[in-house]
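Student: Questions regarding the structure given below will be posed in turn.
Readers should treat all values here as calculations from the given coordinates under stated rules, not as data from a laboratory. Keep in mind that this is a model prediction, so the values were computed, not measured. Here the Cβ is made from the backbone with ideal geometry for all residues, glycine too, and neighbour counts use every protein chain on show.
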Amino acid sequence: MMTDPHNRKTELPIDYGDVLERIGGDLAFLDELLKIYFVEFQEKESQIETALRTSNFSMMQDLGHSLKGASANLSLSALQRCALGLELAGRERKLEQARQALTDLLTERRRLQDYLLENPPPR
């Protein structure tokens with residue numbers, strides 16, 4: 001597993017301070033960016049599953065890289081690390097590591113969604 005379980009418990013799924021500073025404190029824009037992120041994540045999840053089924057390591061690497069960047073832009077550090085895990089698994093042609101990276105990505109996405117419901121951005 002790519003994430004440190006001790007760090008995961010104390011690390012917030014999103015760093016609101018960091019992302020809001022990056023986008024000039026625009027909460028409506030953050031809401032829109034998060035909606036786009038989740039839509040694109042869903043599309044990439046399907047593509048990752050296809051890449052895993054077909055052992056398309058290049059595709060895994062590219063999708064991991066793309067998700068890593070999108071996660072970094074939104075200050076989603078745990079998701080960024082999981083996406084890096086997928087990218088590296090693709091580069092190193094490690095199918096089981098890629099499967100674990102997808103599991104980690106889905107777990108962290110759920111944790112982010114739950115966190116956002118319980119802790120909306122500071123208004």
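Student: Using Cα pairs under 8 angstrom and six or more residues apart, how large is the relative contact order of the range 7-116, in percent?
Tutor: Details: 114 pairs, mean separation 30.7, N = 110.
Once normalised by length, the contact order is 28 percent.
Student: Semi-axes of the chain's equivalent ellipsoid from the Cα gyration tensor, sqrt of 5 times each eigenvalue, largest first, rounded to whole Å?
Tutor: That gives 26, 15, 12 Å for the three semi-axes.
Student: Here's something else I'd like to know. Between helix 77-92 and the chain, what is the angle of the helix's C-alpha long axis to the longest principal axis, kept within 0 to 90° and rounded to the nearest 10?
Tutor: Compared with the principal axis, the helix lies near 20 degrees.
Student: Enumerate lysine pairs in the chain that are 8 or more residues apart or on different chains, then count those whose Cα atoms are under 21 Å apart.
Tutor: Summing the qualifying lysine pairs gives 6.
Student: Which length gain, in nm to one decimal place, applies between Arg123 and Thr107 when the Cα-Cα distance is subtracted from 0.36 nm times their residue separation?
Tutor: Full-extension gain reported as 3.0 nm.
Student: Give me the dipole magnitude in Debye, nearest 20, for the range 7-116 about the Cα centre, with unit charges on the beta carbon: positive for Lys and Arg, negative for Asp and Glu.
Tutor: Taking the Cα centre of the range 7-116 as origin, the dipole is about 480 debye.
Student: In what order do Ser55, Ser75, Ser66 fall by count of nearby beta-carbon atoms within 10 Å, going from fewest to most?
Tutor: Ser55, Ser66, Ser75
Student: With unit charges on the beta carbon (Lys/Arg positive, Asp/Glu negative), name the residue among Ala51, Leu67, Pro122 whose Cα is farthest towards the positive pole of the charge dipole of the range 2-123.
Tutor: Checking the options against the dipole of the range 2-123, the answer is Ala51.
Student: Further question: Could you work out [θ]222 nm for the chain from helices alone, using -39500 (n - 2.57) per DSSP H run of at least four and dividing by all its residues? Round to the nearest 500 deg cm²/dmol.
Tutor: -26500 deg cm²/dmol
Student: Next question, about the same structure. In what order do Leu117, Leu30 fall by count of nearby beta-carbon atoms within 10 Å, going from fewest to most?
Tutor: Numbers: Leu117 8, Leu30 19.
Listing Leu117, Leu30 from fewest to most nearby Cβ atoms yields Leu117, Leu30.
Student: Determine ³J(HN,Hα), in whole Hz, for all residues of the range 31-43 in sequence, where each value follows from phi through the Karplus function 6.51 cos²θ - 1.76 cosθ + 1.60 and θ = phi - 60°; x replaces Gly and Pro.
Tutor: Running phi through 6.51 cos²θ - 1.76 cosθ + 1.60 with θ = phi - 60° gives 4, 5, 4, 5, 4, 4, 4, 5, 5, 5, 4, 4, 5 Hz.
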